[in-house]
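K.L.:
Would you mind keeping the following structure in view while I ask a few things?
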Amino acid sequence: MQQTIVKSLLGACGALVAAGSLGAAKVNVYPARHYEGDAALYDAFTKETGIKVNRKEGKPEELLQLIVAQGNASPADVLVTVDAGNLWRAEAAGVVQPVASPILSARIPAQFRDPSNNWFGIAYRVRLIAVALDQADKLNVKSYDDLAAPRFKGMVCARQSSNIYNLSLLGARIGADGAAKAQAWAAAVAGNFARQPQGGDTDQLLAVASGECKVAIANHYYLVRLQNSKKPEEQAAAAKIKAVLPDQDGRGVHANISGAAMLKSAPNKAEAQKFLEFLVSDTAQAYFANGNYEFPVVASVARPQVLTNLGEFKTDTINVRVYGENQAEAQKLFDKAGWR
Ligand SMILES: [Fe+2]
């Protein structure tokens with residue numbers, strides 16, 4: 001008990017001390033996933049549990065570096081980040097600890113959490129193929145494999161291979177098809193590029209809309225954001241794009257997660273577990289769907305219309321942990337394939 005108090009006092013040092021009153025129940029959350037309206041989500045948790053939430057926001061790699069640098073003295077209880085690849089990096093860095101929670105196990109499908117409970121998916125996203133609407137019938141894209149076909153020469157836009165979303169995509173293909181096939185696919189897609197890989201997912205979509213390329217790969221919420229943008233020019237760009245959720249006759253569309261993990265040095269373990277469990281509550285799940293257009297991991301939570309507009313689909317059911325395990329190899333294969 002005494003040790004817990006000392007630890008929590010140590011944990012409250014630095015910037016976080018101003019935000020939290022000593023002694024009151026609290027949880028220190030490091031979110032790399034921050035969106036408009038996040039405050040409402042954290043407030044809902046505090047209202048429900050009486051536990052105050054202190055936040056330290058940053059980019060995924062910055063937060064991980066910070067937590068590693070803080071070591072055992074880190075005040076961080078929970079890391080919230082995007083992409084299974086980033087959660088796996090945190091695990092590989094030795095800074096997370098497993099959480100045995102019947103709530104998390106019951107509510108999150110097995111494919112979207114680490115089998116050893118080191119981290120958990122709290123929402124999921126799919127990597128769709130954006131096709132120029134005026135070419136969609138002619139191009140007839142149905143699969144990621146199509147992007148490797150000779151008929152797509154000079155038509156494909158993509159992000160750089162070092163991007164975690166692409167590393168996870170190829171990591172999944174390594175897991176399903178083996179390294180040789182994964183590399184051959186990457187090389188053939190790279191051979192079809194309309195331009196050198198550049199920009200983020202939104203830039204790929206805008207390049208399809210402008211006609212610079214005919215097809216591109218992007219996470220679904222970037223397209224939904226454009227579709228629901230207040231800017232007329234972004235809405236107009238979205239209207240020129242057909243969303244294809246590929247491989248519906250095969251493995252299903254590649255799915256990835258936003259997720260969370262309890263840090264190994266968490267000073268507020270009980271509160272951290274409650275927070276993790278809150279993230280898969282109906283309240284939080286609806287928030288992820290409405291606030292960031294991500295799919296709830298909890299199947300019973302209704303999807304808003306902006307998401308049902310994408311239609312019914314199946315996802316690849318490979319466990320997302322595979323993306324992390326294959327991350328280093330994926331980068332090697334991309335490099336060999338000439339996808340810079
Ligand atoms: Fe993203």
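K.L.:
Any idea how far apart Ala184 and Ser210 come out in nm if each label point goes 7 Å out from Cα toward Cβ?
P.N.:
A separation of 3.6 nm, rounded to one decimal place.
K.L.:
When the Cα centres of segment 281-322 and segment 40-107 are compared, how far apart do they sit, in Å?
P.N.:
Centre-to-centre distance over Cα atoms comes out at 20 Å.
K.L.:
With respect to the cross-link table entries Lys47/Lys269; Lys59/Lys214; Lys59/Lys142; Lys181/Lys336, which display a Cα-Cα separation exceeding 24 Å? The partial results should precede the final answer.
P.N.:
Working: Lys47/Lys269 19 Å; Lys59/Lys214 31 Å; Lys59/Lys142 34 Å; Lys181/Lys336 13 Å.
Table pairs above 24 Å Cα-Cα are Lys59/Lys214; Lys59/Lys142.
K.L.:
Using a Gaussian network model of the chain with C-alpha springs under 10 Å, which one of Glu271, Glu91, Glu36 is most mobile by mean-square fluctuation?
P.N.:
Glu36
K.L.:
What is the set of long-range amide H partners of Lys264 at a cut-off below 5 Å, with H atoms built 1.01 Å from backbone N?
P.N.:
Val96, Gln97
K.L.:
Within 12 Å, Cβ to Cβ, of Ala84, how many net charges do the neighbouring residues add up to if Lys/Arg are +1 and Asp/Glu are -1? Could you put the intermediate results ahead of the total?
P.N.:
Numbers: positive: Arg89, Arg113, Arg125, Arg321; negative: Asp83, Glu91, Asp114, Glu325.
It works out to a net charge of 0.
K.L.:
Given R₀ = 35 Å, FRET efficiency for Ser116-His34 by Cβ-Cβ distance, to 0.05?
P.N.:
On the way: r = 27 Å, r/R0 = 0.78.
Step by step, r from the Cβ atoms, then E = 0.80.
K.L.:
Which distance in nm do the two modelled labels at Ser105 and Ala239 give, with both placed 7 Å along the Cα-to-Cβ direction?
P.N.:
5.1
K.L.:
Working from the pairwise distances between different alpha carbons, so that the mean of 1/r is found and then inverted, what is the chain's Kirkwood radius in Å?
P.N.:
Details: mean 1/r = 0.0481 Å⁻¹.
It is 20.8 Å.
K.L.:
Once you place label points 7 Å from the Cα toward the Cβ at Asn309 and Ala24, how far apart are they in nm?
P.N.:
A separation of 4.0 nm, rounded to one decimal place.
K.L.:
When the chain is fully extended, how far beyond the present Cα-Cα distance does Val68 get from Ala176, taking 0.36 nm per residue of separation? Provide the component values of the computation, followed by the final result.
P.N.:
Details: separation 108, 0.36 × 108 = 38.88 nm, distance 3.22 nm.
Between Val68 and Ala176, full extension yields an extra 35.7 nm.
K.L.:
Would you list, by chain and number, the aspartates and glutamates whose Cα falls below 13 Å from the Cα of Lys242, excluding same-chain residues fewer than 8 positions away?
P.N.:
Straight-line reach from Lys242, under 13 Å: Asp134, Asp137.
K.L.:
Work out the length of the dipole vector of segment 239-336 about its Cα centre, built from +1 on the beta-carbon of each Lys and Arg and -1 on the beta-carbon of each Asp and Glu, and round it to the nearest 20 debye. Don't jump to the answer; show the numbers that get you there.
P.N.:
On the way: 11 positive and 11 negative charges, 34 e Å.
For segment 239-336, the charge dipole is close to 160 debye.
K.L.:
Another question, if that's okay. Using θ = phi - 60° and the Karplus form 6.51 cos²θ - 1.76 cosθ + 1.60, what ³J(HN,Hα) does each residue of segment 191-198 get, whole Hz, x for Gly and Pro?
P.N.:
Going residue by residue, I get x, 9, 4, 7, 7, 4, x, 6 Hz, with x marking Gly and Pro.
K.L.:
Apply the Karplus curve 6.51 cos²θ - 1.76 cosθ + 1.60, θ = phi - 60°, to the phi angles in segment 277-283 and return the couplings in whole Hz, x for Gly and Pro.
P.N.:
Couplings: 5, 4, 4, 9, 6, 4, 4 Hz.
K.L.:
Hey, in the GNM for the chain with a 10 angstrom Cα cutoff, which one of Lys181, Lys242, Lys52 fluctuates hardest?
P.N.:
Lys181
K.L.:
Can I ask one more? Over what distance in Å are the Cα centres of segment 150-169 and segment 210-251 separated?
P.N.:
Centre-to-centre (Cα) distance: 15 Å.
K.L.:
Let me ask something else. For segment 151-293, what's the radius of gyration and Dmax over Cα atoms, in angstrom?
P.N.:
Answer for segment 151-293, Rg first and Dmax second: 18.4, 56 Å.
Bear in mind these aren't lab numbers, they're just calculated from the coordinates by the rules spelled out. Since the structure is predicted, the reported quantities are computational estimates derived from the model, not experimental observations. Please note: Cβ atoms are built from the backbone with ideal geometry, for glycine as well, and neighbour counts cover all protein chains shown.
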